[in-house]
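The structure under discussion appears below in the form of structure tokens.
The values are calculated or read from the model by the stated rules, or taken from the named source; none is laboratory data. A quick note: this is a predicted structure, and the numbers were derived from the prediction, not measured. Note that each Cβ is placed from the backbone with ideal geometry, even for glycine, and that neighbours are counted across all protein chains shown. Side chains included, ligands, DNA and RNA excluded: accessible areas come from the protein's heavy atoms. Shrake-Rupley method; radii C 1.70, N 1.55, O 1.52, S 1.80 Å.
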Amino acid sequence: MSRTSFMLMGITYYIVSIIVIVVVLNLINKKERKKYEEAIASLERDKNLIISASILSELNKVEPLVSNSDSKEVYENWQRRFKEIKDVEVPKITDALLEIEELFNDRNYKELKKKIAETEIDICFVKTKSNFLLEEIKGITLSEERNRDTITKLKSNYREILTRYNNNREEYKMIASPIELQFENVDKLFSAFESSMEKNAYQEVGKIVKAIDDIVGNLKIVMEEAPSIILMGKKLIPNKINSIKKTKEKMEHDGYNLEYLNIDYNITEANKKLTDIFQRLNVLNLEDSIFELKTILDFFESSDNDFDKERIAKKIFEEYARTILIKVTKLNKINNDLYKKIDDIKYSYDLTNEDVAVIGEIAEELANIHEKYDEIIELHRSKKSYFVKLGKDMENLNVRLTKTEEKLERALRTIGSLKEDELRAREQLDEIKSILLKAKNQIRDYKLPVVPENYFVELSEASEGIEEIIKVLENTPISIKVLNTRVDTARDLVFKVFNTSKEIIKTAKMAEMAIVYGNRYRINKEVDLGLTKAEMAFYKGNFKNSLEQAIVAINIVEPGIHKRLMEEYQ
């Protein structure tokens with residue numbers, strides 16, 4: 001490709017790039033202009049909506065209703081505010097919109113964006129003022145219809161109240177005068193409402209409607225709550241108070257201390273509260289009355305529970321008062337008897353002061369429990385405490401006594417086991433002697449040619465062990481720990497002798513049986529030689545070696561003889 005062609009291609013690319021850039025910029029500019037056009041149109045539309053036909057229409061409705069200086073002043077204020085919006089505020093916005101048009105045409109988008117934002121705020125502010133003015137005007141133009149609807153509903157509620165009152169006069173007899181006075185006030189207010197409506201005094205009408213609504217609402221509450229207040233305040237609570245008084249008097253006569261419940265004080269306070277509630281009821285003020293009466297009633301009902309707790313606590317107290325004294329007396333006697341014998345026990349069984357210190361601890365604990373018991377009984381006799389507390393104190397004291405009782409039982413078991421260990425040791429001594437005698441008799445009865453030396457060594461050790469037991473038992477005091485050790489040692493040594501004697505006799509029998517069995521094969525020189533060696537070992541008392549020699553010899557002519565000899569022995 002020639003140089004000219006390259007130059008032509010470069011120029012072509014450059015021109016195309018310029019065209020593309022121009023087209024893109026035009027598209028962006030067109031899109032931005034469209035956005036601003038839409039924003040300007042929206043501002044124009046919002047400006048036109050500020051002054052609506054509704055305001056003029058409502059002002060025209062108000063004009064015939066102006067009947068006095070107050071209403072005239074309000075009407076003129078509205079006209080003045082409307083005129084300010086129409087002749088001052090709106091023209092300012094119009095001028096701002098014209099300025100926006102100029103900026104748009106001049107493509108001054110930076111200033112245009114700022115001016116649009118300011119104008120939006122101004123339109124929103126003026127529009128809010130216009131809407132607020134319209135609502136104020138409608139408050140008057142719609143007041144007649146609204147007030148009529150409200151009064152119609154109030155009259156319906158009022159008739160229901162009157163009907164309920166007339167049908168249940170007995171329930172409201174106590175507050176008939178204030179209720180009927182309120183009825184008269186409501187009737188007067190209804191008449192005042194009609195008079196004010198005729199004079200178009202709508203500001204006064206609003207106050208009258210509010211007053212009627214308050215009175216009728218309060219009367220409705222009175223109709224609903226007054227019977228319950230009267231029932232609780234005049235019957236239920238007084239009856240409950242009388243019942244509480246009678247129960248209190250009877251229980252105090254029976255020995256109960258009920259001062260901690262503050263019954264008299266609470267009755268006085270309850271009566272004050274009842275007086276206050278009925279004073280407020282006479283002026284039809286029922287605020288919190290139901291709640292206060294229920295609180296009083298709940299309190300006195302809880303007093304019955306307190307009385308029941310006292311009765312139950314009294315039974316608990318009386319039961320523990322009897323059982324604790326009996327148990328303390330019994331444990332003291334046992335511990336004292338044990339204490340009297342403690343020196344003999346210490347001497348007899350080689351005990352230290354630390355070993356028997358628990359006896360003194362138990363005595364001290366029992367003394368403290370008895371002292372505390374006397375304090376509780378004195379509180380009861382002097383009526384300085386009440387059964388709920390006394391019963392609880394007795395329960396705690398019984399827990400302490402139970403722990404001390406367990407400690408005494410452990411001490412008795414420990415000391416009692418010393419005597420049991422001594423008796424058990426003497427019984428085991430007789431048993432050990434009997435086993436050793438059996439071992440001796442086994443050896444003696446079989447008439448062995450020679451008794452192995454290890455038998456006599458073990459026999460001597462076992463005999464010494466028995467002697468050690470006898471020495472400990474004959475010593476005073478007896479050391480139970482040493483005694484138990486000596487018994488265990490002697491028992492092990494005697495069983496060792498017994499097992500050794502059994503093993504010696506068993507082995508000797510097997511060796512003798514093997515030699516006798518093998519005599520049939522003595523014609524065989526090797527067998528005869530082996531059996532001779534077995535006989536020599538047997539007469540020397542080496543029974544195990546004798547058995548092995550015999551088995552080896554017989555096995556020459558009769559393999560497997562060992563197994564058959566064992567079966568024969570069994």
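Conditions tested, residue by residue: (1) part of a helix (DSSP H, G or I); (2) basic (K, R); (3) touching a helix residue (DSSP H, G or I) at 6+ places or on another chain (Cβ under 7 Å).
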site: E204; (1), (2), (3): yes, no, yes
site: K207; (1), (2), (3): yes, yes, no
site: I212; (1), (2), (3): yes, no, yes
site: L219; (1), (2), (3): yes, no, yes
site: A226; (1), (2), (3): yes, no, yes
site: M232; (1), (2), (3): yes, no, yes
site: K235; (1), (2), (3): yes, yes, no
site: N242; (1), (2), (3): yes, no, no
site: T247; (1), (2), (3): yes, no, yes
Report summary line: The residue from R107, R80 that alone is modelled with pLDDT of 70 or more and either surrounded by 12 or more Cβ atoms within 10 Å (Cβ to Cβ) or not polar (S, T, N, Q) (or both) is R80
Report summary line: Within segment 527-552, the residues that are under 23 Å from L459 (Cα atoms), without any contact (Cβ under 8 Å) to a residue 60 or more places away in the chain and of a type in the set (K, R) are K544
Query raised in the report: Can you spot a residue in segment 252-269 that is assigned to a helix (DSSP H, G or I) and small (G, A, S)?
Result: no
**Report entry** Pair list, Cβ under 6 Å, 6 or more apart: segment 498-526 residue closer than 29 Å to A462 by Cα, other residue among the small types (G, A, S) and crowded, with 19+ Cβ neighbours inside 10 Å
**Finding:** F498/A439; S501/A439; A511/S546
Query raised in the report: Quick check: is even one residue across segment 254-264 over 39 Å from the mean Cα position of the chain (by Cα) and within 28 Å of H380 (Cα to Cα)?
Result: yes
Query raised in the report: In segment 504-540, which residues are of a type in the set (F, W, Y) and either outside any helix (DSSP H, G or I) or out of contact with any Pro (no Cβ under 6 Å at 6 or more places or on another chain) (or both)?
Result: Y517, Y521, F538
Query raised in the report: Are there any pairs, at least 6 apart or on different chains, whose C-beta atoms fall under 6 Å, with the first in segment 209-225 and more than 27 Å from S195 (Cβ to Cβ) and the second open to solvent by 60 Å² or more (accessible area, probe 1.4 Å), and if so, which?
Result: M223/R164
Query raised in the report: Looking at this structure, is K327 open to solvent by 90 Å² or more (accessible area, probe 1.4 Å) and of a type in the set (K, R)?
Result: no
Query raised in the report: Conditions: (1) at pLDDT below 80; (2) within 22 Å of A211 (Cα to Cα). K129 meets all but one. Number of the miss?
Result: (2)
Query raised in the report: of a type in the set (A, V, I, L, M), open to solvent by 80 Å² or more (accessible area, probe 1.4 Å) and more than 30 Å from E467 (Cα to Cα) - does that describe any residue in segment 513-526?
Result: yes
Report summary line: Given the conditions (1) farther than 30 Å from R410 by Cα; (2) assigned to a helix (DSSP H, G or I), every one holds for I334 apart from (1)
Report summary line: Sole miss for L423 among (1) modelled with pLDDT under 80; (2) crowded, with 18+ Cβ neighbours inside 10 Å is condition (2)
Query raised in the report: From N285, N305, N266, which residue is surrounded by fewer than 17 Cβ atoms within 10 Å (Cβ to Cβ) and within 30 Å of N185 (Cβ to Cβ)?
Result: N285
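Does I435 qualify as being touching a Phe, Trp or Tyr at 6+ places or on another chain (Cβ under 8 Å), farther than 19 Å from K314 by Cβ and modelled with pLDDT of 80 or more?
Judged against the criteria, I435 is a match.
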Query raised in the report: Which one is nearest to N555 (Cα to Cα), of the residues in segment 527-536 that are open to solvent by 50 Å² or more (accessible area, probe 1.4 Å) and at pLDDT below 85?
Result: D528
Query raised in the report: Within segment 171-180, is even one residue over 52 Å from the mean Cα position of the chain (by Cα), modelled with pLDDT of 80 or more and among the charged types (D, E, K, R)?
Result: yes
Requested in this report: With the checklist (1) under 20 Å from L448 (Cα atoms); (2) open to solvent by 50 Å² or more (accessible area, probe 1.4 Å) in hand, flag the one item N555 doesn't pass.
Outcome: (1)
